[in-house]
Amino acid sequence: MSQVQDLIGALSGAGKNPKETVLDEMKRTGKKAVGCFPIYVPEEIIHAAGLLPVGLWGGNTEFKEADKYFQSFCCSIMRANVEQGIRGTYDMLSAVVITSYCDTLRAVLVNWPVAVPNMKTIPMILPQNRIEPAAVEFMLEKFEIFRGEMESISGIKATESMLEESFGLYERYRAAMRDFTELAGTHPKTVNAVDRHYVIKAGYFMDKEAYTEKIEQINTCLKGMPDEKAGAKVVLTGLLAEPENFLELLAENGIGVAADDLAQESRQFRTKSRPDGSVFERIAYRYMDLRGCTFFYEEMKARGQMLIDMVKQSGADGILVCMYKFCDPEEFDYPVYKKEVEAAQIPMLYLEIEQQMDSVEQLRTRIQSFKEMIM
Amino acid sequence: MDKKISSKKMLKEMMAEHYSDALKRKAEGKPVVWATSIIPQELMEALDIAVVYPENHAAAIGARKDAPVFINHAEANGYSVDICSYARVNMAYADILESEAENIPIPDMILSGSNICCTAIKWYENIAKKFNIPMVLIDSPFNMSYDVSAESVKYIRKQIENAITQLEKLAGRKMDYDRLKEVMKVSNENAIWWKKATDLLANKPSPTNGFDMFNYMAPIVCLRGNEKGTRLFKTWYEELQANVDNGVGPWQDQEEKYRVLWDGIACWPYLKDTYVKLKSNGINVVTSTYPESWTLLYEVGDLDSMARAYGGLYVLRSIDYITDRLSALATGFKVDGIVFHSNRSCKGMDFKQFEIARRLESKFGVKYVFFDGDQTDPSTFSLAQYETRIQALVEMMEGNRQREVHGI
Amino acid sequence: MFLGVDIGSSSSKAVLINPLGEIVGQKAIQMGTGTVGAKSVEQALLEETGVKRSDVLFAVVTGYGRMTYPGCDLQITEISCHAAGVCFSLPGTRTIVDIGGQDAKVIRVDQAGRVVNFGMNEKCAAGTGRFLEVMARVLGCRIGELSALAGKSQNTVKISSVCTVFAESEVISQLAAGAKIEDVAKGAHNSVATRVAGMCNRIGVEEAVAMTGGVALNQDMVKSMAAALSVPICVPESPQTIGALGAAHFAREKYGRL
């Protein structure tokens, strides 16, 4: 096996086994871990306080305990998080940070302290009105409180210089991820859809420094390799692209991922920081500057045009909509960008998916036909 | 003495006028705002800008059982059946622009508040884009602490100030702050009359039935800022007080045997069915988690205080706050049971119901039932299911009474 | 004599008891509300026992068809009737899991057999007998054969879709991929058990637990349910007529008191 395949294999494996990866990283770094609910959490502050931020994005879990709190028409990622919380899957974490980007998350904020009483719960309430300059002030105050909470968990002061250092590391990580997703788009054979996803996902479970170094190594290897031709290339949009057997269908059909507009992937790192201001201001302005994400209010909704541009820039043949059932914000966006994408005559396939899908036969036929259509 | 017109007649006339006035103003070339139901309407009232409330309009369409036409239209445009049916109805109305219930003019601006839900952001983002008009958002952060935090108040207040600037542009004139103060005073007064009236249902027997209260929700949304609202709610209060004084209960042909709290929005397409079944069992809805949301009280002339009131809604609060409020309602209104409407449209309320139900049951032994329904989409409700569950509630409430009587 | 009739969505049941509360006869017919089955179950039971309708002092009807069933003195919900029925056949029961054709319910009762709390499935067939019917159809077996089939399972297939329609296509593709029928059957049982266990969690489970309804005749289903709840489950002798039995006891109790 070549070096790049080894590197990809190692990270992909880490992304596939969250619990083991987190436990290994905790052991290796000696850090306590803090869980972060979707969609965005200012991880830099957690890192600066000497803690390991861990992403909590559901899982293929059977629901039993979570049914105590939610009706069946609740987003499966949130149900999975609560289920796993109750079952003790997250017991190695010192605290869990819960956000409030949608009505379901707000309800999770209400239920979690009851459902998982022994876990320290820290709310991260971010403003959704980015036209309002006061949103920045609001964030700054929230970040200050958050810093204190993180410090009390680790017992380590997150000084300005440590914050600066962590922010620098995260900027380096985000730049590496932007490079990686671009290179993965031009090397769809070396980085197939499944590996691409798990390599990115591993970043949620590993210490960012070690992880970023690995990504940079992969990037260096990929840069030295000639571009590869895939059967077809698509842009993924939506909350996230799971489960694995769905991504396997892409690999199986020779469909590469040219670029993504997934909340779990590129939306996390596609926005560059502004050059000046305090660390907290730079974190805040990254949220203010993020475009095309359904979880923030956006005047005139840029997402449709962004997807069209993404298809053009990445040379993709079409768009795959990964629609998580019961994700209201994504469901609201779809009709709007659908109209624009259709007007631009870009083929688009709408797939309703859930993490708890053990059989993907229906999807298989649809994905295969889509490939036959766009080729 | 002049023969007083009843509040019900007043309500009908005032609501008809509310809609016709908005259409008339639009025809005269004046601006119209579409707004969410719990928004600082004071600003528009003070600037004399016409406002319509699509949630109210969608409820009216739902109550007439006209929603399916709109729902199908929205679905054809790609809207999932899982999202709020008020939003689906309204977004389809924005295309069709014709309904038998009422008609509303096309908006020139949107004023949306995330205090009622995050859905309000996505819904109106789409409407604003469709009509290519500005949308002003007043975002209210969720309150994990028991009270509304100082930083939230500041953030909301700034957004209210920005809304004033935007609305001034739309109106073509500056805000008269003395006038705003007057409107704030009227709005508080109306909220007080609304509360005083709905509080009278705590009497045994209750002076009216709770479904009657649902009817008055349209005016508390649409007329909260003007003198018409004051007249209406004061009259309603007096009527109810007279019933209390005369010992008049909710019905002439039925006794109030059980008193329940209704959690969630009404099931508008089946308003009559849901009501008749309760009444036939002698069940009166005496209070609800929902009307309390319009008891918005704050210091007149103080934008911070106003921001705190709008940012402190029940749906934005922690489990402890919710439990306290519900407990106060359950004891204050002396309820025997709770009917939870598991409303497919309102995830924000639904996903708290199970825990609330458990808490209230363990605290007071109060009985409860859940039924599936929706605020406008008729397809999720089943009358047979509703009937069985209401009857089972009666049987459980009766069990409670027997235990009280026989002491076991 | 006292008569209890339970008109369900897919079957009709009737039970006759004497003034001492002893069962005189019981009958179940696989035809539900809106069919002739409803009326014929009563007639068949009377014929079988030789009891004249005029000897019936009081009759109570329950089940989904209770509103439209003529000739009874009183109608009571199946929730209260199941509670009463179990109280007589399995005294000491505190939690009842009843899986019927269209709905599943969990009922908590006090020592006197009165309903303390209950939960029911949402308006969806997942976790109900209907789900098992659909599964049996896909597997090409009769509903009565599911238990024996699932009992043979060595390698249970996981059916994760909570929606019956999705689960159906999931099962078809599992079979296409070579899964054994018995493993899918067991998977279907586990799927129903998980859904119902979720519902039980909402209101809490207190032992002893009993299972009623036609689905309780499926022994392997009871096994899956017990495993999902991690508690032993008792099944009364005639689980499908428990609602009707409860109705008959209500008839005896209410007679002369109304």
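Throughout, read-outs are computed from the coordinates displayed, never taken from laboratory work. Note that this is a predicted model, so its numbers are computed, not measured. Please note: Cβ atoms are built from the backbone with ideal geometry, for glycine as well, and neighbour counts cover all protein chains shown.
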Under 5 Å between amide H atoms, partner at least 5 residues away or on a different chain: which partners does C:ASN117 have, H built in plane at 1.01 Å? C:ARG108
Taking the alpha-carbon centroid of each part, what is the distance from segment B:343-397 to segment B:105-168 in angstrom? 31
What residues have an amide H closer than 5 Å to that of C:GLY63, excluding those fewer than 5 places away on the same chain, when H is modeled at 1.01 Å from N in the peptide plane? C:ILE7, C:GLU78
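Please compute, for peptide A:241-253, the average count of beta-carbon atoms on other protein chains lying within 10 Å of each residue's beta-carbon.
On the way: counts 0, 0, 1, 0, 0, 0, 0, 0, 0, 0, 0, 0, 0.
Mean partner shielding for this stretch: 0.
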Please determine, in degrees from 0 to 90 and to the nearest 10, the orientation of helix A:193-202 with respect to the longest principal axis defined by the Cα atoms of chain A, where the helix direction is its Cα long axis. 10
Distance between Cα centroids, segment A:296-354 to segment B:214-251: provide it in whole Å. 48
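Could you list the square roots of 5 times each eigenvalue of the Cα gyration tensor of chain A, that is, the equivalent ellipsoid semi-axes, sorted largest first and rounded to whole Å?
Values: eigenvalues 186, 111, 97 Å².
Taking √(5λ) for each Cα gyration eigenvalue gives 30, 24, 22 Å.
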For B:ALA50, what residues show an amide H to amide H distance below 5 Å, using hydrogens built from the backbone and excluding near sequence neighbours? B:VAL33
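Give the order of B:ARG179, B:ARG157, A:ARG106 when sorted by the count of other beta carbons within 10 angstrom, beginning with the fewest.
On the way: B:ARG179 14, B:ARG157 21, A:ARG106 27.
Placing the least packed residue first, the sequence is B:ARG179, B:ARG157, A:ARG106.
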Computed on Cα atoms, Rg of the protein assembly as shown relative to 2.2 N^0.38 Å comes out at 0.98
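Take peptides A:196-208, A:152-164 and line them up by average Cβ neighbours within 10 Å, highest first, as a rough protection proxy.
On the way: A:196-208: 23.5, A:152-164: 15.2.
Highest-to-lowest ranking by the protection proxy: A:196-208, A:152-164.
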Starting from 0 in steps of 10 Å, tell me what percent of the Cα-Cα pairs of segment A:212-293 lands in each bin. 15, 31, 37, 14, 3
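Past the 20 Å Cα-Cα mark, which pairs from B:LYS9/B:LYS185; A:LYS68/B:LYS347; B:LYS279/B:LYS352; A:LYS19/B:LYS347; B:LYS204/B:LYS257? Intermediate results must be reported in sequence, preceding the final value.
Numbers: B:LYS9/B:LYS185 25 Å; A:LYS68/B:LYS347 15 Å; B:LYS279/B:LYS352 27 Å; A:LYS19/B:LYS347 30 Å; B:LYS204/B:LYS257 10 Å.
Checking Cα-Cα distances, B:LYS9/B:LYS185; B:LYS279/B:LYS352; A:LYS19/B:LYS347 exceed 20 Å.
Rank these for me by crowding, C:ASP73, B:ASP324, A:ASP261, going from fewest to most other beta carbons within 10 Å. Walk me through the numbers on the way to the answer.
Values: C:ASP73 16, B:ASP324 13, A:ASP261 23.
Ordered by Cβ neighbours within 10 Å, fewest first: B:ASP324, C:ASP73, A:ASP261.
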Calculate how steeply helix C:78-89 sits against the longest principal axis of the alpha-carbon atoms of chain C, using the helix alpha-carbon long axis, and give the answer as 0 to 90 degrees to the nearest 10. 80
Across the alpha-carbon set of segment B:15-163, Rg over Rh with Rh taken as the Kirkwood radius works out to 0.98
Among B:281-291, B:100-110, C:101-111, C:46-56, how do they line up by average Cβ neighbours within 10 Å per residue, starting with the highest? B:281-291, C:101-111, B:100-110, C:46-56
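Return an integer: the convex hull volume of the alpha-carbon atoms of segment A:64-157, in Å³ per residue. Could the numbers behind the result be given before it?
Numbers: hull volume 9.3 nm³, N = 94.
Each residue corresponds to 99 Å³ of Cα convex hull volume.
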Suppose we take every Cα in segment A:230-375 and form the convex hull; what volume per residue is that in Å³? 120
In sequence order, calculated HN-Hα J values of segment B:331-340 (Karplus, 6.51, -1.76, 1.60; Hz; x Gly/Pro): 7, x, 9, 6, 8, 9, x, 10, 10, 9
Among residues other than A:VAL311 whose Cβ falls under 13 Å from its Cβ, what is the net charge (Lys/Arg +1, Asp/Glu -1)? -3
Between 0 and 90°, nearest 10: helix B:271-280 axis offset from chain B longest Cα axis: 20
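May I ask which of B:LYS4/B:LYS181; A:LYS16/A:LYS120; B:LYS8/B:LYS272 have a Cα-Cα span longer than 22 Å here?
Working: B:LYS4/B:LYS181 30 Å; A:LYS16/A:LYS120 26 Å; B:LYS8/B:LYS272 17 Å.
As for pairs spanning more than 22 Å Cα to Cα, those are B:LYS4/B:LYS181; A:LYS16/A:LYS120.
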Per-residue HN-Hα couplings for segment B:204-209, Karplus 6.51 cos²θ - 1.76 cosθ + 1.60 at θ = phi - 60°, whole Hz, x for Gly and Pro? 10, x, 6, x, 7, 9
Taking θ as phi - 60°, what are the ³J(HN,Hα) couplings along segment C:39-45 by the Karplus curve (6.51, -1.76, 1.60), each to the nearest whole Hz, with x for Gly and Pro? 6, 5, 5, 5, 4, 4, 5
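Using only atoms on other chains, find how many Cβ atoms lie within 10 Å of each Cβ of peptide B:378-391 and report the average.
Working: counts 0, 1, 4, 1, 2, 1, 8, 7, 0, 4, 11, 4, 1, 8.
Mean number of neighbouring Cβ atoms from other chains: 4.
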Between the alpha carbon centres of segment A:108-159 and segment B:49-85 the gap in Å comes to 36
How about A:LYS371: which lysines have a C-alpha closer than 25 Å to its C-alpha, ignoring those fewer than 8 places off in the same chain? A:LYS189, A:LYS229, A:LYS233, A:LYS312, A:LYS325, A:LYS338, A:LYS339
